[in-house]
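Working notes for the structure below.
Each reported figure results from applying straightforward, stated rules to the coordinates on display, with no laboratory input. Model, not experiment: these values are computed from the prediction. All Cβ positions, glycine included, derive from the backbone under ideal geometry; neighbour counts span all protein chains shown.
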Amino acid sequence: METKKLISIVVPVYNEQDNIPVLYEVASRELITLAQEYEYEFIFIDDGSTDRSWDVLQKIAACDDRVSAFSFSRNFGHQAALMAGYSHAKGDAIVSIDADMQHPPELILEMVRKWENGADVVYARKINRKDNIAKKSSAFLFYKLLDLISDVKIPRNVSDFRLIDKKVLAVVLDCKDKSPYLRGLVAWSGFRQEFIDCHYFKRFSGQTGYTWKKMFKLAWDGITGFSMFPLRLAAYIGMMIIFAGMVAGFYMLYHTFTGGVHFMLVTWLAEALVLMLGMQFLMVWLLGEYVGRIHRQEKGRPLYVVAKKADKSSIVKTAHIKIKKTSVKAHKSKKSTT
Ligand code: UDP
Ligand code: MG
């Protein structure tokens, strides 16, 4: 008998005592419709909740052997909780979803379908934002900035509600990032990435666990993890200062030699200081380039990710591609005549 594929549902939890049972019920009801083809498991990570979340999780885990729950010793943050969930997931596909019902669990089925059709990553892209103006505008600015300066294309308007194939999971876990920005890491890993547009809802109960401080940290992890731009800023500033200093210098030299203008010694000194300041910025940039390389090394991301391999044993789905022997012959004869 063929073994069923396993879907892992990873749920980070921070003070969600009233939301956990709802998410568990609704998601289970959806997943049970797939029972003919798939097994499923829930992995809840309690990120140091101070309410009764852990009691609720213990109860659910005691009643359902498809549920495992882990509790952090304190609050380590959403991304750390997701990473912990990922590291325990045994599924062929792994779905990460928030505990607060903002992400519609019904979408999991659609994600699985897309995955079965060949997608390796399926993002739920939000087409509405139910957030307040401050959160909306800060998110807009952050994504715009990240888009501009990031070394990889990180999709906009996606949260951590997504499905990833186990091979993408292996790549993500292989990265030794100590301040992971998972949206970036998943985008960076490559493979076939697809989207489902959907509405996000208001949280079912409780309050957001994302304080401004946590949001700023996440944004900073995103920027420093995926862009060398902040380090290169010193180079741009230095070049601008040197350029301005040179223009002023040429102006002063021109008027000294052609118009006989006498600039005061302090003006020449100021001019020299400006040029030296520019040089200093360039030196800081040079230092930054080396620090950047150490930073890249420390993150321990693989140099490349292999997606496919072809050899004699691989199944040939490309029978329609015929390598013309005649063209190989023509190439050989061409070579021999030259
Ligand atoms: N969360 C977490 N640790 C935190 C903050 C949040 O594990 O320090 C969880 C939270 O329980 C939820 C998900 O991460 O399942 C998203 O957090 P939240 O809903 O508070 O963020 P928002 O949707 O307001 O951005
Ligand atoms: Mg939320």
Qualifying residue in region 25-42 (condition: buried (at least 22 other Cβ atoms within 10 Å of the Cβ) and within 12 Å of ligand 1 (Cβ to nearest atom)): no
Every residue in region 80-117 that is among the acidic types (Asp, Glu) and within 16 Å of ligand 1 (Cβ to nearest atom), please. ASP98, ASP100
Within region 273-283, track down each residue that is surrounded by 15 or more Cβ atoms within 10 Å (Cβ to Cβ) and touching a residue at least 40 places away in the same chain (Cβ under 8 Å). GLY278, PHE281, LEU282
List every residue pair whose Cβ atoms lie under 7 Å apart, where the two residues are 6 or more positions apart in sequence or sit on different chains, the first residue falls within region 7-34 and is more than 14 Å from GLN102 (Cβ to Cβ) and among the acidic types (Asp, Glu), and the second residue, located anywhere, is more than 16 Å from ligand 2 (Cβ to nearest atom) and part of a helix (DSSP H, G or I). GLU30/ILE108; GLU30/LEU109
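Mind counting the residues in region 26-78 that are over 26 Å from the mean Cα position of the chain (by Cα), over 29 Å from GLU110 (Cα atoms) and among the aromatic types (Phe, Trp, Tyr)? Let's see the steps before the verdict.
The first filter runs over region 26-78 and keeps only residues over 26 Å from the mean Cα position of the chain (by Cα), leaving 26, 28-39, 50-67.
From the residues that got through so far, the ones that are over 29 Å from GLU110 (Cα atoms) too are 50-52, 54-55, 58-59, 62.
After this cut, where a residue has to be among the aromatic types (Phe, Trp, Tyr) as well, the list is 54.
Looking only at that region, the number is 1.
Within region 79-86, does at least one residue satisfy the condition of being under 19 Å from VAL122 (Cβ atoms), touching a Pro at 6+ places or on another chain (Cβ under 8 Å) and surrounded by 17 or more Cβ atoms within 10 Å (Cβ to Cβ)? Give the derivation first.
We begin by selecting, within region 79-86, every residue under 19 Å from VAL122 (Cβ atoms); these are 82, 85-86.
Going one step further and asking which of them are touching a Pro at 6+ places or on another chain (Cβ under 8 Å), we end up with 82, 85.
If we keep only those that are surrounded by 17 or more Cβ atoms within 10 Å (Cβ to Cβ) too, we end up with 82, 85.
Looking for residues that are under 19 Å from VAL122 (Cβ atoms), touching a Pro at 6+ places or on another chain (Cβ under 8 Å) and surrounded by 17 or more Cβ atoms within 10 Å (Cβ to Cβ), one finds at least one in region 79-86, hence yes.
Each row is one residue, and each column tells you yes or no for (1) in a strand (DSSP E or B); (2) within 16 Å of ligand 2 (Cβ to nearest atom); (3) out of contact with any helix residue (DSSP H, G or I) (no Cβ under 6 Å at 6 or more places or on another chain); (4) under 25 Å from LEU107 (Cβ atoms).
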{"residue": "ARG156", "(1), (2), (3), (4)": "no, no, no, yes"}
{"residue": "LEU163", "(1), (2), (3), (4)": "yes, no, no, yes"}
{"residue": "VAL168", "(1), (2), (3), (4)": "no, no, no, yes"}
{"residue": "VAL186", "(1), (2), (3), (4)": "no, no, yes, yes"}
{"residue": "GLU194", "(1), (2), (3), (4)": "yes, no, no, yes"}
{"residue": "PHE201", "(1), (2), (3), (4)": "no, yes, yes, yes"}
{"residue": "SER205", "(1), (2), (3), (4)": "no, yes, no, yes"}
{"residue": "ALA234", "(1), (2), (3), (4)": "no, no, no, no"}
Find the residue count for region 82-117, including only residues that are within 21 Å of the chain's Cα centre (by Cα), among the polar types (S, T, N, Q) and either over 17 Å from VAL67 (Cα atoms) or within 16 Å of ligand 2 (Cβ to nearest atom) (or both). 2
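Evaluate the following for LYS153: is it surrounded by 15 or more Cβ atoms within 10 Å (Cβ to Cβ) and under 17 Å from PHE195 (Cα atoms)?
The answer is no for LYS153.
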Kindly indicate which of GLY260, GLY245, GLY249 is surrounded by fewer than 12 Cβ atoms within 10 Å (Cβ to Cβ) and without any contact (Cβ under 8 Å) to a residue 40 or more places away in the chain. GLY260
